[in-house]
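Notes to accompany the following structure.
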Amino acid sequence: MTKVIYPGQTIGIIGGGQLGRMMALAAKESGFKIAVLEPTMDSPCGQVADIRIVANYDDESALEELAEVSDVITFEFENIDYEGLKRLSQIANVPQGAELVRITQDRIIEKATLVGAGVKVSPYIVAQTYEELVTQIATIGYPCVVKTARGGYDGKGQQTLLSESDLPQAKTLFEHSACVAEAFVTFTKEISVIVQRNRDGETYCLPIGENIHVNHILHETIVPARIESSTAQKAEQAAIQIANAVDLVGTLAVEMFVLEDGEILINELAPRPHNSGHYSIEACNVSQFHQHIRAICGWPLRQPKLWAPSIMVNVLGQHVMPLTNDIAKYAHWSVHFYGKAEAKENRKMGHVTIMTDDINATLNEIDASGIWSK
Ligand code: AMP
C-alpha cells in the first residue's frame, strides 16, 4: 500500500545543499513542512526549512530525530551512509529505500546493474589494485578512463590514459578505492534523462537535456537536446528500463553519451534530482523537484510538458560578481542563487534559465555577455 503524504505533513531531507533547497521550495508551495539534516548551520536548504537538525549525515541519534519529526524522508545526494539509511528505512517512511544509494555509491555495482538492466555501457574492466589494472588493461585498450569506484564527482577521481606510458598516472586513484577502467568514448554529445517514478509504477521522463561541461563541471544544459528523435526514443527507453530494473521510487538521473551513429551508451546514474534538470523549474509544467515530491508522497505523477526550448547555465563562484553586476541587462533571464555565503572558485552558487525560441541566438547571447568567459 502506498502511503500518501498530505500538505501540512513534514518531509525530512538528508542533505542541506541546493538540491534539497529546491525540493523544499517546491514542497512548500503545496504546504508541506520541511525538516533538514545537515552538518552546517546556514545551509541552502536549512535557510528555507522549518526544522533544522544540525549533525552529520551518519549521526544515529540525529537520524532518529529526523525520523521522529518527519512523515516521509528523502535525500538530496547519494554519498550518505548506506547502512544508516537502511536502518532509517526500518524506523521511518523512506519510500525510495536504500538499495539505489548502494548501487550508485559504487561504480562497480552501478555498471553491473546497468548491464543487468540490458542497457549498453562502454566496455570496462574492474581493478581492485593498480597491478590488476596493469595486467587487465589490454582487454579495453587505449585511450581509456580510469575512475575510482567510490567517492568521485565532477571529474574528480578520474584519469584518462592515452597510452601505456600514462599508466602510472592512475596509481594514486587506488589509494581511495578499487577502480573501473572504461574505453574512452568518442561521443558527439552528452545528454541526461531524468526519469521519475512513484510506488504505483507511474513513470515519466523529463524532456532530454544536452549537457556541455567545462573543466568537468556542468556548464550548460540545452533543452530539448539537439539529437535525432530515434536517439531520444532510445535514451528514454534505456532510462525507463533502468528505472524498472531498480524498482525506482523518486528520481533517477541517467547520464548518457551519444555516438556518431545515434546509438547511446550509459555513463552514470544519480538517484536524485540533477543539475541538468533545473531548467524544468520554469520551462516545464512540472519541475523535477515537484515531480520528486509527488513521487515520494505517493501522489499521481504528471506528464511533463516543455513550455519552450531552454538553456540553463550554471553560476559558479567566479561568475557571481559579473552576473550580479549585469543583472539589469537581462530581464528575460530567470536568476537563481542558492544562498551560499562564500563564492569560492568553481563552487555551484546558482544558475540561470533562459526560455527561448532561438537556441543559437541565446547561446550567442550567453557568450556575448562575457559573464562565463572566466
Ligand atoms: P563521470 O564522473 O563519469 O560523469 O565523468 C565526468 C565526465 O568525464 C563525463 O561527463 C565525460 O565528459 C567524461 N567522461 C567520463 N567517462 C568517459 C569515457 N569513458 N569516455 C570519454 N569521456 C568520458
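Bear in mind that the values in this text are calculations on the coordinates, not laboratory data. Please read these numbers as outputs of a predicted model, since none were measured by experiment. Glycine gets a Cβ as well: all are built from the backbone with ideal geometry, and neighbour counts include every protein chain shown.
Couple of notes before you dig in:
- For residue 346, the residues whose modelled amide H falls within less than 5 Å of its own, excluding neighbours fewer than 5 places apart on the same chain, are 317, 318.
- Springs between Cα atoms under 10 Å define the GNM used for the chain, and in it the highest mean-square fluctuation of 213, 274, 290 occurs at 213.
- Near residue 130, once Lys and Arg are set to +1 and Asp and Glu to -1 for all other residues with Cβ below 12 Å from its Cβ, the sum equals -2.
- Alpha carbon centroid spacing (whole Å) that separates region 316-374 from region 250-264: 26 Å
- Electrostatic bookkeeping for residue 297 treats Lys and Arg as +1 and Asp and Glu as -1; over the other residues with beta carbon under 15 Å from its beta carbon, the sum is +3.
- Of all DSSP beta bridges confined to the chain, the antiparallel ones make up roughly 80%.
- Estimated distance in nm for a label pair at residue 259 and residue 142, the labels positioned 7 Å out from Cα along Cα-to-Cβ: 2.3 nm
- Its relative contact order, with pairs defined as Cα atoms under 8 Å and 6+ residues apart, puts the chain at 14 percent.
- Anisotropy class of region 245-358 from Cα gyration tensor, a/c 1.5 cut: prolate
- Computed from phi, the 3J(HN,Hα) profile of region 329-338 under the Karplus parametrisation 6.51, -1.76, 1.60 (θ = phi - 60°) reads 7, 10, 5, 8, 8, 8, 9, 10, 10, 9 Hz, with x in place of Gly and Pro.
- Region 123-183: mean projected area of Cα convex hull, nm²: 3.5 nm²
- Near residue 65, once Lys and Arg are set to +1 and Asp and Glu to -1 for all other residues with Cβ below 13 Å from its Cβ, the sum equals -4.
- For the chain, the gyration tensor built on C-alpha atoms gives a rounded shape. Its axis ratio a/c (a ≥ b ≥ c) stays under 1.5.
- Dipole magnitude of the chain about its Cα centre (Cβ charges: Lys, Arg +1; Asp, Glu -1), debye to nearest 20: 540 debye
- A full extension of the chain between residue 162 and residue 230 corresponds to an added length of 21.3 nm, given 0.36 nm per residue minus the alpha carbon distance.
- Cβ-derived FRET efficiency at R0 45 Å, residue 83 paired with residue 30, nearest 0.05: 0.90
- Which listed pairs, of 234/344; 86/344; 33/374; 120/171; 33/234; 305/344, have C-alpha distances above 32 Å, in listed order: 234/344; 86/344; 33/374; 33/234; 305/344
- Region 33-111 shape via C-alpha gyration tensor axes, a/c threshold 1.5: prolate
- Spin-label pair residue 134/residue 41, simplified geometry with 7 Å Cα→Cβ offset, distance in nm: 5.1 nm
- Amide proton proximity set for residue 284, modelled H, under 5 Å, gap of 5+: 307
- Across 181, 331, 170, mean-square fluctuation computed from a Gaussian network of the chain (C-alpha pairs under 10 Å connected) peaks at 331.
- Computed E for residue 365/residue 345 - FRET, C-beta separation, R0 25 angstrom, nearest 0.05: 0.55
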